[in-house]
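Report on the structure given below.
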Amino acid sequence: MQMGQLQHVYDHAGPFTTVYVDTSADVEDASKAIELRWRDLRERLQGQGADEATLEAIGEQVRRHRAQNGPRGQVIVGTGGEVVLSEELPEPPSNLPAEDQACFGAAPHLLPYLRRRMTPVPFLLADVDRVSAELLLVRGSADIERRELSGADHPVHKAHSGDPENHQRLHLAVEEQWRRNAELMADEITEWARKMEARVIVLAGDVQQRGLVRDRLGNEVRDVVVESDTGVRGVPDEELRQEIASTVHNAHVADVVDEFERERGRAERAVEGWPDTVALLRRGQVRTLLWTTDERAGELYIGPGTTELADVEQDLTDMGSETLGRVPASAAVLRTLAATDGEVIIADPEAVELTGGIGAVLRFAA
């Protein structure tokens, strides 16, 4: 995920109250159950020093949850008496440690949210057949657009009876029409992929037509294509998004890991471990942060500037900065990534081995 999307949260001075609440509507009196969960979280936050105005604003947001059946949750961040972030979670946060569910501090606690956000990048899904294509443009979890494209529908079917010579002519004409339709689809897919800056293109539908379309895509987008048997037609947007999110996520993570391994081998544009990564975050050199471990990495000091973070308080003092306090290392790192529009990738520990569970691909050589 590009952390710049959350910059509006960090534009506020704080302190921040972060809540992960179970808003599942799978019991008879769901509203009452949700209210009881919120009361428990509120008591914990009061004990941590959260202000009443912000707690009231968060409580109102909890009560306005989308009344949908099934297990779900919300992450809500508030500061200064207002809610600055409210997002649906695909599953209840009940498996989170208690200290992660209700947090008050100098920076919001968003790592659990990012771990559960499955669609990391804008992507385009194209469901193609011999005549038409249906496109699903996914720019974000709530920004989904469908578009339809139709080519010529004659001739697109081969005959299997009659004069052999006529068969041959018809077969050639049909195959030519398939290619023309594929070219039309490829042009449209390429154009939309450029407009929305799609990081992944998923091709679904007729297997042979997928191949024709893929061969005709623009050079700059052909390398980000993956194929899937999941189609678009007739499938609800949310169900479809969840169904293919794993495919898109895995493809993107694999690309980032490959790049990290290449750069690590050259010892130029990749670093790993907390000390080096923190130092380069402070300089704004981190383009993509790779994270694998679930373990807490202790705390870091932060200053008023969103790129001011350090292992040792003296480092901030040497920069001429005051210290706002110590916050969980993940909260400090994500705050700086948002300020520098860096990307964060949560990867499986088996996909890449990182010292301390953290590493980075840099914008330019260290």
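The values are calculated or read from the model by the stated rules, or taken from the named source; none is laboratory data. Remember, it's a predicted structure, so these values are computed and weren't measured experimentally. Cβ coordinates were reconstructed from backbone atoms using ideal geometry, including for glycine residues, and neighbour counts include every protein chain displayed.
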Item to complete: Determine, yes or no, whether Gly342 is of a type outside the set (D, E, K, R), surrounded by 16 or more Cβ atoms within 10 Å (Cβ to Cβ) and closer than 27 Å to Glu268 by Cα.
Response: yes
Worksheet item: Pick from segment 130-157 the residues that are assigned to a strand (DSSP E or B), modelled with pLDDT of 80 or more and among the aliphatic types (A, V, I, L, M): which of them is surrounded by the most Cβ atoms within 10 Å (Cβ to Cβ)?
Response: Ala133
Discussion item. Condition (residue is modelled with pLDDT of 85 or more, surrounded by fewer than 21 Cβ atoms within 10 Å (Cβ to Cβ) and farther than 21 Å from Asp29 by Cβ) applied to segment 67-76: is it met by at least one residue?
Written reply: no
Worksheet item: Yes or no: Gly305 farther than 17 Å from Ala107 by Cβ and in contact with a helix residue (DSSP H, G or I) (Cβ under 9 Å, 6 or more places away or on another chain)?
Response: no
Fill in: Selected residue (only one of Ala107, Ala126 is hydrophobic (A, V, I, L, M, F, W, C), at pLDDT 85 or above and assigned to a loop (DSSP other than H, G, I, E, B))
Ala107
Worksheet, complete the sentence: The residue from Glu295, Glu350, Glu299 that alone is crowded, with 16+ Cβ neighbours inside 10 Å, modelled with pLDDT under 90 and of a type in the set (D, E, K, R) is Glu299
Practice prompt. Give segment 8-36 a look and list any residue that's part of a loop (DSSP other than H, G, I, E, B), at pLDDT 85 or above and of a type in the set (Asp, Glu), or say none.
Written response: Asp11
Response to the item:
Of the residues in segment 1-54 that are within 30 Å of His249 (Cα to Cα) and aliphatic (A, V, I, L, M), the one that is surrounded by the fewest Cβ atoms within 10 Å (Cβ to Cβ) is Ala25
Discussion item. One residue is enough: does segment 331-353 have a residue meeting the conditions under 25 Å from Pro108 (Cβ atoms) and basic (Lys, Arg)?
Written reply: yes
Item to complete: May I ask you to list the residues in segment 37-64 that are in a loop (DSSP other than H, G, I, E, B) and in contact with a Gly (Cβ under 6 Å, 6 or more places away or on another chain)?
Response: none
Fill in: Test result for Glu268, assigned to a loop (DSSP other than H, G, I, E, B), within 23 Å of the chain's Cα centre (by Cα) and exposed (fewer than 15 other Cβ atoms within 10 Å of the Cβ)
no
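To keep it simple, each residue is scored yes or no on (1) within 22 Å of Val344 (Cα to Cα); (2) under 26 Å from the mean Cα position of the chain (by Cα).
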position	(1), (2)
Gln5	yes, yes
Asp22	no, yes
Ala30	no, no
Glu35	no, no
Arg42	no, no
Thr54	no, no
Gly80	no, no
Ser86	yes, yes
Ser94	no, yes
Worksheet item: Considering segment 212-228 alone, what residues qualify as being more than 22 Å from the chain's Cα centre (by Cα), in a helix (DSSP H, G or I), surrounded by 13 or more Cβ atoms within 10 Å (Cβ to Cβ) and not β-branched (Val, Ile, Thr)?
Response: Leu212, Arg214, Arg216
Item to complete: Kindly indicate the residue of segment 302-320 that is crowded, with 17+ Cβ neighbours inside 10 Å and either free of Cβ contacts under 8 Å to residues at least 24 places away in the same chain or among the acidic types (Asp, Glu) (or both) and also farthest from Leu280 (Cα to Cα) among those meeting that condition.
Response: Gly303
Response to the item:
Checked segment 296-321 for anything part of a strand (DSSP E or B) and farther than 14 Å from Thr277 by Cα; matches are Glu299, Tyr301, Ile302
